[in-house]
Amino acid sequence: MADSRTLPEFSLVRGGPFYDLERGLRLVRPPRFMTGRAALLLVLVSWLPLVLFSLLQGEGAVQRLFSEFQVHAELLLSLPVMVVAEPYIDARVGEAAREFLRADLVEDKDRRAYEVSVARMARWRDAPSVELALLGLTIAFAVLTTMDASRSWMVEGGASQRPSLAGGWYLCVSQPLERFLMLRWLWRGAVWSVFLWRASRLPLRLVPTHPDQAGGLGFLSIHQACFSPLVFAAAVPVAAYSFRTNAAAITETPITYVMPQVLFAVLACVAVFAPLTFFCHQMVRSKRRADAWFSAVAAHHSRRFEDKWFHAQEPRDEKLLGAPEFSSLADLGSSFILARKMKLFPWDKRSVIAVGLSGLSPLVILLVLDRQFLAVVNQLRQSVS
């Protein structure tokens with residue numbers, strides 16, 4: 001086991017122009033995160049002006065604004081979660097990266113290549129051009145987005161259908177800010193996926209008899225579940241949009257209403273755990289070798305055991321109780337079963353459930369707020385039966 005003091009520093013979050021801006025504004029103070037301040041500032045910038053501009057607009061604009069769940073779900077729930085989740089995800093991802101060395105999965109001769117991968121990931125994370133490109137993409141989305149006149153709080157009264165102050169702020173500031181944060185997390189996820197791919201190219205020392213039944217890679221699935229808050233943050237706008245555009249389907253055709261959210265949860269699980277498939281080839285190769293090795297060792301050991309205890313020419317005077325051969329046979333059998341049960345993909349059921357529930361939970365929240373949860377459950381039960 002490698003000394004934790006010699007492990008390289010690994011961070012998926014602490015870098016990039018936007019992070020430097022947060023440091024300059026003292027919203028974060030390394031090595032500790034203070035993301036609560038950043039989340040509060042973003043809420044004040046994105047959501048509070050909508051309320052103030054609606055008050056200036058009058059004519060019931062505030063009431064129409066507060067009657068729309070989608071805006072408040074995006075700016076008061078999804079956006080802060082993406083910011084507040086940073087220290088948690090950063091810690092878990094860093095722990096997963098160091099586990100390759102701590103568990104001696106990477107041999108000493110390959111440690112240099114592993115550290116090069118860490119350094120390259122840091123350069124990609126810090127690249128100003130990437131965040132500038134994401135910012136440009138966000139601005140392009142804002143320019144190409146057309147105003148939805150059916151959302152009455154976004155337009156001025158009369159036949160002009162021009163954006164109101166609140167609608168203009170939402171289209172030009174609030175929505176682009178949320179999109180930029182989501183795109184930045186997608187880039188970070190891509191960086192982490194590339195790092196896992198490079199790690200999977202190294203000749204890892206997998207152990208077929210490891211209790212996690214993944215050759216020692218079981219920690220990856222558990223740490224991948226740390227992206228659950230981001231799945232939740234992305235699922236909130238999906239559920240809120242479905243609620244705004246198709247609210248009648250909640251009670252009329254609940255399966256039609258629920259299926260898009262279920263599909264999103266399934267796709268989220270696929271996206272989160274897909275990078276772990278990079279390690280499948282090594283796990284398959286390790287399992288094949290283990291099958292051959294343990295079959296040969298088990299055959300040799302069992303034959304010697306039977307020759308001694310069942311096929312001896314003379315009766316044995318040794319006591320059966322406490323004989324070491326029986327203990328070694330049981331130990332070998334346990335190791336053989338573990339090697340045979342080794343997975344071909346380092347997944348964990350609880351981690352998959354956590355990510356899936358994160359994708360479905362916004363729908364449950366909306367149904368509870370609308371007092372339709374039990375009605376939908378009853379209709380789903382009747383539809384299934």
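Any read-out appearing in this document is the output of simple, stated calculations on the displayed coordinates, not a laboratory observation. Worth saying up front: this structure is predicted, and the values here are computed from it rather than measured. Reconstructed Cβ throughout: ideal geometry from the backbone, glycine too, with neighbour counts over all protein chains shown.
Each label point was placed 7 Å from the Cα along the Cα-to-Cβ direction; for residue 310 and residue 274 their separation is 5.2 nm.
Look at the dipole of the stretch 52-187 built from charges on Cβ: of 163, 94, 82, the Cα furthest out on the positive end belongs to 163.
Here residue 141 and residue 349 are evaluated by their C-beta separation; at R0 = 41 Å the FRET efficiency comes out at 0.65.
Spin-label model, residue 95/residue 357: points 7 Å from Cα along the beta carbon direction are separated by 1.8 nm. For the pair residue 63 and residue 291 in one chain, pulling the backbone fully straight at 0.36 nm per residue adds 75.3 nm over the alpha carbon distance.
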